Amino acid sequence: MINRRTVLSSGALAALSASTSLEALAQSRKDSVVLGMTLEPPGLDPTAGAASAIAEVVQYNIFETLTKINADGSVTPLLAESWEVSPDLKTYTFKLRKGVKFQNGEPFNAAAVKFSFDRAGGDKSTNKDKRTFAEMSTQVVDDSTVVVLRKEIDPDFLFVLGQATAIIVEPKSVDTNATKPIGTGPYKLDAWNKGASVVLGKWDGYRNAAAIKIKKATFRFIGDPAAQVAALLAGDVDGFQRVTPRGVPQFKGNPQFQVIVAGSRAKTILAINNKKKPLDDVRVRRAIAAAIDRKAVIEGAVDGYGVPIGSHYVPGALGYVDTTGINPFNPEKAKALLKEAGVTTPLELNLLLPPVPYARQGGEVITSQLAKIGIVAKTQNVEWAQWLSGVYTNKNYDLTIISHVEPFDLANFAKPGYYWNYESPKFNELFKKINNTPREADRAKLLGEAQKLLAEDSVHAFLFQPQWITIGHKNLKGLWKDMPVFVNDLSALSW
């Protein structure tokens, strides 16, 4: 028997079904996305600055590289169609894609590759990987063939060429790339609203424009953890990589969102200025390391989303060894080391904290732990530009908390004048051996020795390998499941 209530219920269900279908249809046709970022980039040229936020906006979107790093860490062709590597691993011959243009209409060719690499390694270069490019030479064979000659072996060279520091730039545009970037990628800069957002628009001149589903992408800069959560819940942001862990419980179990916990190759450290007295004494650095309970730092800084490390290396990487036992948590030993070094307590040191939550929150824990051995860490909250100029460039600091996100960055410990002022002929010689050892098994053994040396020298208080958390709308497809490098690959996204 069909009564009025049944008819009304059936009608309501039909209306709901229609509404749901329309909503799903509208969602499937959506061609824009809003992504959240904690930090605003200081510029949009990744060859001009060290901030990882630059690559998060432009890498693979505006600028492209010869190779592409994928979410699983594999390397595939991008601007290079293919390549051949010599048996001694020092000569790389790249075949380039033909018919590719820059966004200002200039052709992409071997000459542009040579210009980009020569510039990256030149005397005036501000590229943070300048050393890598300075020790190689590039030769043009023809418009679509280029040869790279290396002085040293780097087994990860193809990976390096997929990073933001290896972008191929258009020679006429290099002076203005920081504010008006010109690349070969699928997106161009539409607007930069300083302090708020960057808007990228699909570039119709891209070689494979038909495959690009997202026509407009907005990057919103939201540093406050509570505001990040609010923006996601309100639907103002569709996806947020490396969202603050403290917001995660509000999204787990919520059917409107996907929560992705990704591994990383990042190393979060309490960086120490190795030339500042009394930090130039290894016993003082060891005391600092022994004062720190890594597990407590992980809980306080990232709500448990991290794995303890004892050196500048992470589990899963080639040759990893567990070095957390070299400088274990031991406050009494820390006090004894300070006494042995002739340090009178209380010892005052400055601790500079950039604006990321893990640094500010972790700073509170570390300050408390250091106080227990007689070290007074005077915290100073700095903005990202201040950190880059004061710490990274001018080395004006004692201690700072920072995550180094590059997968293969042991070279920084052999780099003269790097911001932590570590100089070790023994490490330099060891690193040279690593770079000139072709057999993977032999290289893995040497990498283990390098990790132990850095731990024994207590170059830093090595804290943890972070686990990155991405939260996105349930219907947003293509978010990276892992994060070997910091990018937002817009070409992979769709609804």
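Applying a threshold of 6 Å to beta carbon distances and a minimum spacing of six or more residues, or different chains, the list of pairs starting in the range 96-123 at a residue that is more than 21 Å from residue 83 (Cα to Cα) and ending at one that is in a strand (DSSP E or B) reads 103/188.
Each row is one residue, and each column tells you yes or no for (1) part of a strand (DSSP E or B); (2) without any contact (Cβ under 8 Å) to a residue 24 or more places away in the chain.
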position: 175; (1), (2): no, yes
position: 184; (1), (2): no, no
position: 189; (1), (2): yes, no
position: 192; (1), (2): yes, no
position: 201; (1), (2): yes, yes
position: 214; (1), (2): no, no
position: 229; (1), (2): no, yes
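Matching residues to (1) closer than 24 Å to residue 299 by Cα; (2) assigned by TED's automatic domain parsing to the domain that holds residue 246; (3) touching a residue at least 24 places away in the same chain (Cβ under 8 Å):
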{"site": "353", "(1), (2), (3)": "yes, no, yes"}
{"site": "375", "(1), (2), (3)": "yes, no, yes"}
{"site": "420", "(1), (2), (3)": "no, no, yes"}
{"site": "442", "(1), (2), (3)": "no, no, no"}
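Screening the range 231-244 for residues that are more than 20 Å from the chain's Cα centre (by Cα) and assigned to a loop (DSSP other than H, G, I, E, B) and picking the one that is surrounded by the most Cβ atoms within 10 Å (Cβ to Cβ) gives 237.
Yes or no, residue by residue, for (1) of a type in the set (Ser, Thr, Tyr); (2) part of a loop (DSSP other than H, G, I, E, B); (3) at pLDDT below 95:
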{"position": "87", "(1), (2), (3)": "no, yes, yes"}
{"position": "103", "(1), (2), (3)": "no, yes, no"}
{"position": "112", "(1), (2), (3)": "no, no, no"}
{"position": "116", "(1), (2), (3)": "yes, no, no"}
{"position": "133", "(1), (2), (3)": "no, no, no"}
{"position": "139", "(1), (2), (3)": "no, no, no"}
{"position": "147", "(1), (2), (3)": "no, no, no"}
{"position": "154", "(1), (2), (3)": "no, yes, yes"}
{"position": "158", "(1), (2), (3)": "no, no, no"}
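In the range 280-298, the qualifying residues are those that are charged (D, E, K, R) and touching a strand residue (DSSP E or B) at 6+ places or on another chain (Cβ under 7 Å), and the one that is farthest from residue 370 (Cα to Cα) is 295. Candidates are the residues of the range 428-447 that are surrounded by 17 or more Cβ atoms within 10 Å (Cβ to Cβ) and closer than 24 Å to residue 281 by Cα; the one that is nearest to the chain's Cα centre (by Cα) is 431.
Checking each residue in the range 393-406 for being closer than 27 Å to residue 162 by Cβ and buried (at least 19 other Cβ atoms within 10 Å of the Cβ) picks out 402, 403, 405, 406. Just one of the numbered conditions (1) closer than 30 Å to residue 51 by Cβ; (2) out of contact with any Phe, Trp or Tyr (no Cβ under 9 Å at 6 or more places or on another chain); (3) buried (at least 16 other Cβ atoms within 10 Å of the Cβ) is not true of residue 373: (1).
In the range 473-487, of all residues being closer than 30 Å to residue 50 by Cβ and not hydrophobic (A, V, I, L, M, F, W, C), the one that is surrounded by the most Cβ atoms within 10 Å (Cβ to Cβ) corresponds to 484. Going through (1) part of a loop (DSSP other than H, G, I, E, B); (2) buried (at least 17 other Cβ atoms within 10 Å of the Cβ) one by one, residue 218 falls short only on (1).
Has the range 432-443 got any residue that is outside any strand (DSSP E or B) and either among the aromatic types (Phe, Trp, Tyr) or within 26 Å of residue 294 (Cα to Cα) (or both)? There is no residue in the range 432-443 that is outside any strand (DSSP E or B) and either among the aromatic types (Phe, Trp, Tyr) or within 26 Å of residue 294 (Cα to Cα) (or both). Just so you know, in the range 15-39 the residues that are at pLDDT below 95 and assigned to a loop (DSSP other than H, G, I, E, B) include one that is farthest from residue 162 (Cα to Cα), and it is 29.
Exactly one residue out of 320, 313, 305 is of a type in the set (Phe, Trp, Tyr) and surrounded by 23 or more Cβ atoms within 10 Å (Cβ to Cβ), and it is 313.
Just to be sure before I move on: is residue 365 touching a helix residue (DSSP H, G or I) at 6+ places or on another chain (Cβ under 7 Å) and of a type in the set (Val, Ile, Thr) in the structure I sent? In short, yes. Taking (1) buried (at least 16 other Cβ atoms within 10 Å of the Cβ); (2) within 25 Å of residue 77 (Cβ to Cβ); (3) touching a Phe, Trp or Tyr at 6+ places or on another chain (Cβ under 8 Å) in turn, residue 171 satisfies each apart from (1). Just one of the listed residues (305, 320) is more than 20 Å from residue 410 (Cβ to Cβ) and either touching a strand residue (DSSP E or B) at 6+ places or on another chain (Cβ under 8 Å) or modelled with pLDDT of 95 or more (or both), and it is 305.
I'd like the residue in the range 48-84 that is assigned to a loop (DSSP other than H, G, I, E, B) and acidic (Asp, Glu) and, out of all such residues, is farthest from residue 208 (Cα to Cα). For the range 48-84, the residue satisfying everything is 72. Inspection of the range 258-274 identifies at least one residue that is surrounded by fewer than 20 Cβ atoms within 10 Å (Cβ to Cβ), of a type outside the set (Val, Ile, Thr), at pLDDT 95 or above and assigned by TED's automatic domain parsing to the domain that holds residue 474.
Taking the stated definitions as given, is residue 167 touching a residue at least 24 places away in the same chain (Cβ under 8 Å), of a type in the set (A, V, I, L, M, F, W, C), farther than 30 Å from residue 330 by Cβ and out of contact with any strand residue (DSSP E or B) (no Cβ under 6 Å at 6 or more places or on another chain)? So residue 167 fails the test. Checking 417, 362, 390 one by one, the residue that is under 20 Å from residue 459 (Cα atoms), among the small types (Gly, Ala, Ser) and part of a loop (DSSP other than H, G, I, E, B) is 417 and no other. Of the listed requirements (1) at pLDDT below 95; (2) closer than 15 Å to residue 167 by Cβ, residue 96 misses just one: (1).
The values are calculated or read from the model by the stated rules, or taken from the named source; none is laboratory data. Note that the coordinates shown come from a computational prediction; the quantities given were computed from them, not determined experimentally. Ideal geometry is used to build each Cβ from the backbone, glycine not excepted, and the neighbour counts take in all protein chains shown.
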